[in-house]
Amino acid sequence: MSEKLAVLAEGYKLTPTRRRRPLAQPNKPIQGSTAERKLDVGFVDDPEAGKDSRCHWSQILIPGELKSNPSADTASKAWLDLGRYAREVLAAQDVRRFVLGFTICGSLMRIWEFDRLGGIASERFDINKDGLQFVSTVLGFLWMNEEQLGFDPTITTQDGRRLATIKRNGQTERLVIDKLVRRAPCIAGRATTCWVAHREGEPGIKFVIKDSWQYTEREEEGDLLKEATDKGVVNVARYYHHETVFVRGEIDEIRSNVRYGLNIMEATNYRPGRSEVSPGMSVVGAPRKGRSSTASLKRSSSQTGAALPPRKRSCLASPTKADSSALPNRVHRRVILRDYGKPIYKASSLSALLAALEGCINGHESLHRAGILHRDISINNLMINEDNDNPSWHSFLIDLDLAIREKRDGTSEAKTGTRAFMAIGALLGEQHSFMHDLESFFWVLFWICIHYNGPGKGEVVTQFDRWNYMDTDELAKLKLGTVVEEAIFMKTITDNFTPYYASLIPLLNRLRKAVFPKDKPWEREDEKLYAQMRDILRQEGKDL
C-alpha cells in the first residue's frame, strides 16, 4: 500500500528525497542483536528489500509494532516491544540521535519518538476514521530526510569516508573516523559513543572522538579535561578539543531541538514526578551451570545474552539540588582526546594488568592534586596501551563526565558512579572523597578476577551481576559483609576467582587490608593509601 501511496503522491509532483520501503518480517530475527529479536514491520533503507531479505538493525529506519487487539495499546505490551526495537536501532546506528516509530493496535495508531530522555508518543488515532492523517504519516516516513529521521548531520560521508568537522582555535578541521570503539546500548542516558579518528591528511596521528548526552546542569567534561591537561596531569587522557554540537544552527539538546520545544507537562496524562516512558531494558538470558556450587552460574560471553561490562549508573539521584519538579534535559557534547587504548580487562598478561592499574592510580592521584575528583572509577574507565607505535600513556583514566572540582562551593547529594564499583561509603551517601575512588580501584580488580578468565574473556556470574541493579543500601551491606572478615573474604574469592586470576588471591587480600584497615571502612582520609596500593601492585607484579 505504501508504494501505491508514493506513486499517487508523485502524480501530484511530490518527489521523495530518499528511496526506502516498509518491510514486514514478523517471523525472521533481525541481525545485529545478541538476543533473537523479530520486528513486526518497519521502514528500511533498501528499496529492494523483500520478505526473504536478511536485514540488520543498522538498516532499520523506523520500527513498528502491530497488535491485532486495540487493548494491547499499553505500556506492558505494544509500547514495551517498540521500545526494545528502538534500543536496537540506536545501538546499531552510531550517529543516530533519536528514533521515530509507530504502534498499530487494531485500528489505533500512535507515533513515537525515542531519545536520550526516554520515549514519548502522540495521541492515538483511528486509521479507519482518520485516513488523511494515516496517509500523511506513511508518506512522511517514506520521504523524511536523514536529519529528520534522527541522524547526526555533523558527521557526514564523502567518498566512502566518514568525517566529523570541528572548529578549533578559530580554524576548521576535519577528522576522518577510522572505527567505532564504543556505543552504549541504551535509550535514555548519556549514550556515550567513541570513535578512533585521525586528522585529514595525517593518518598517523590518532584521536578519540567522544559524543555523549549530558544533563545540562553538569559541568562540561571538556573544561575539566582541558584544565587537567594544562596543569600537567599524568596518566589521564589528554585534551585536544571540545564543543557543544549544533544542529540547524541551534544547540543540540533534547527539549528544544530534538523535541522542537514540545512541553510534555501539557499532556493530558502528565503527572509531576513521573518518569518518561523508557521501555528499553537489558535482558540477560538464563545462565547455565557454573564450575562450582558457590560460584553462582556462569557462561562464556560468546553465548547469547552474555553480560557486557556493567553499564554506567551515571547518577543514582538528581544531578543537582535543583527543584525536583523541573523537567530534565540533556545536551549533545563532543570531546576529542589525544590518547586511546583498550580497557584494562583486555590486558595481555597479569603483570600488564597490575602495571596498568598502578598507572591509573597514579593518574588519579595526579588528578586529585590538580583539584579534580574523578568519581567514576569503573571497569571501562581504566585503559591500557600495549601498542609500541601508540604514543598514548601506557595506562590512563578516561571519562570525567561525573568529575567535580574538589574545592567548589556546595556539594551534590547524589550518589554518583557505576554501581558495581562504588565504595561502601559512597553507596550510603557519604560526601564523595578520593578515598572512595581508591576503594573503587579495589572493586574493579575484584570484579575482573571473577568475571574474566583471560584477556577479554568475559563470563556471566549471576551472584555478582546483581550488584548492577541492587538497592544501594543493600549493596553497601553486601560489600561490607564481603570484606570485613578475612576468612569470609578468602572463601569468597577462592570460590569465585577464575583459574586465570587465581594467583592474584594473595594480592587481593593485601589490597583489602590496605583499603579496609582493621577490617572496616576507613574513618579518615589518608593520602598515603595511594603509595600503599601502588607498592602492593608493583611488588606482586615482580613476583609473577
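The numbers here are math on the coordinates, done by the rules we state, and not lab data. Small disclaimer: the values here were computed from a predicted structure and weren't measured. Using ideal geometry, Cβ is built from the backbone for each residue, glycine included, and neighbour counts are taken over all protein chains shown.
Some observations on this one:
- Residues of type aspartates and glutamates that Lys346 reaches as a straight line, Cα spacing below 15 Å, ignoring anything fewer than 8 places off in the same chain: Glu386, Asp387, Glu459
- The radius of gyration of the Cα set in segment 2-149, together with its Dmax, comes out at 14.7, 44 angstrom.
- Segment 424-498-segment 116-180 distance, computed between alpha-carbon centres (Å): 41
- Signed unit charges on C-beta, dipole axis of segment 2-149, positive-most listed residue Phe114, Leu80, Ser53: Ser53
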